[in-house]
Amino acid sequence: MESRVFSHATTIAHVRRPLRESHSNTSCSFISIKPIGAVGEGGNLIWGRQLRPSLLLEASSPMNARKDVLRPVMAAASSPAEGSDSSGDGKVAPIGFFDKYPALVTGFFFFMWYFLNVIFNILNKKIYNYFPYPYFVSVIHLFVGVVYCLVSWTVGLPKRAPIDSNLLKLLIPVAVCHALGHVTSNVSFAAVAVSFTHTIKALEPFFNAAASQFVLGQSIPITLWLSLLPVVLGVSMASLTELSFNWTGFISAMISNISFTYRSLYSKKAMTDMDSTNIYAYISIIALLVCIPPAILVEGPQLIKHGFNDAIAKLATNTLERVAPLTHAVGNVLKRVFVIGFSILIFGNKISTQTGIGTGIAIAGVATYSYIKAKMEEEKRRGKAA
């Protein structure tokens, strides 16, 4: 190819001059060149010889530019032909399992969310049968979470993000509300049936709406308020006829709702570029430090005097007897249904017909509220996109 180009350098120059002159005088045409070869293959046939379009400019270019002109041709020749079996860097990577079956993966995560939440609530309630100290149980829960975060930092998954005094001031209110909500939830679990606690905690959307309206000053549509009426009605019916009802369990669950509502409000104010795992780690550490003093003050003396001996005795008896077992709003509602249903089956809690109807109405109200709110958010996103 190279010898063919240089042997006809004069011919190429001769072809170029008439083309250049034709720009100045459009009525003058010295030569007519008819492309014969396939243009898509990168060349034309002129006087029986194939030339690359880029080579037409070579006669006017310096000799040291010859490599730059020929390099794309060599690259094109060395690249695998279309449809060939040769493997190279341009080969498309195979689609992974997660990308191929996204719905299946999402369903698996929902299943694990429900399953682990049910197991947690059942084991948590059984622990209170042997160790009725919800403050210390809350401390243990948070301690396990802190250990998990520290291990994650140690292995670098993720790398620990630095924290300054300004960010610490923003996270402290979030952590305090998290600690208070967690402790009061466990107090309620220890005092009443798990199903009743989750029925009371179904009121959390009501407190979120109230806080948004009266604290943040956001306008809540009347349709959203109306969707919360069945929730209030259902919880009221369930509370009036709950066989395990006591004021400690009821009030603790209500305080938990309020605490988690304010945790959400403070979390919005503490929005930061830090990833969620680092934020969770710092909040857990602060919440653990907040929970330890009241646990020692409230339950410490009783735990030292009776707690460990009673727990060991009950565990020993139990061992002897056993010597010879989701998008986020609607999924959370279904999670409560799972927890309530399984707790009734596992613990054999007796509920009246009115309690069952009230619980069902409350769950249906939460589902309706979640659906309306999700639709409102979807319309709001579409409005911003438009």
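Here are the numbers for the structure shown:
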item	result
Candidate residues Phe250, Phe98: accessible-area rank, largest first, probe 1.4 Å	Phe98, Phe250
Residue-by-residue Karplus 3J(HN,Hα) for the range 352-364, coefficients 6.51, -1.76, 1.60, Hz, glycine and proline x	7, 4, 5, 5, x, 5, x, 4, x, 5, 4, 5, 5
Heavy atoms of His306: accessible area, 1.4 Å probe, square angstrom to 10	90 Å²
Inter-label distance, nm, simple model (7 Å from Cα along the C-beta direction), Ile357/Phe98	4.9 nm
Phe338 accessible area, 1.4 Å probe, all protein chains in place, Å² to nearest 10	90 Å²
Zone of Glu377's modelled label, taken as backbone nitrogen in the range 212-239 under 14 Å from a point 7 Å along Cα→Cβ	none
Exposure ranking of Phe207, Phe214 by accessible area [1.4 Å probe, largest first]	Phe214, Phe207
Table column - 3J(HN,Hα) (Hz), the range 182-197, Karplus curve with 6.51, -1.76, 1.60, x for Gly and Pro	5, 5, 5, 5, 5, 4, 5, 4, 6, 8, 10, 5, 4, 4, 5, 4
Probe 1.4 Å - accessible area at Trp153, Å² to nearest ten	40 Å²
Rg and Dmax of the range 122-247, Cα atoms only, in Å	18.9, 52
Sequence of Asp273, Asp164, Asp99 from largest to smallest accessible area, 1.4 Å probe	Asp273, Asp99, Asp164
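The values are calculated or read from the model by the stated rules, or taken from the named source; none is laboratory data. In this text the structure is predicted, and so the values were computed from the model without any measurement. Methodologically, a virtual Cβ is constructed for each residue, glycine included, from the backbone with ideal geometry; neighbour enumeration extends over all protein chains shown. For accessibility, only protein heavy atoms count, side chains too; no ligands or nucleic acids. Shrake-Rupley method; radii C 1.70, N 1.55, O 1.52, S 1.80 Å.
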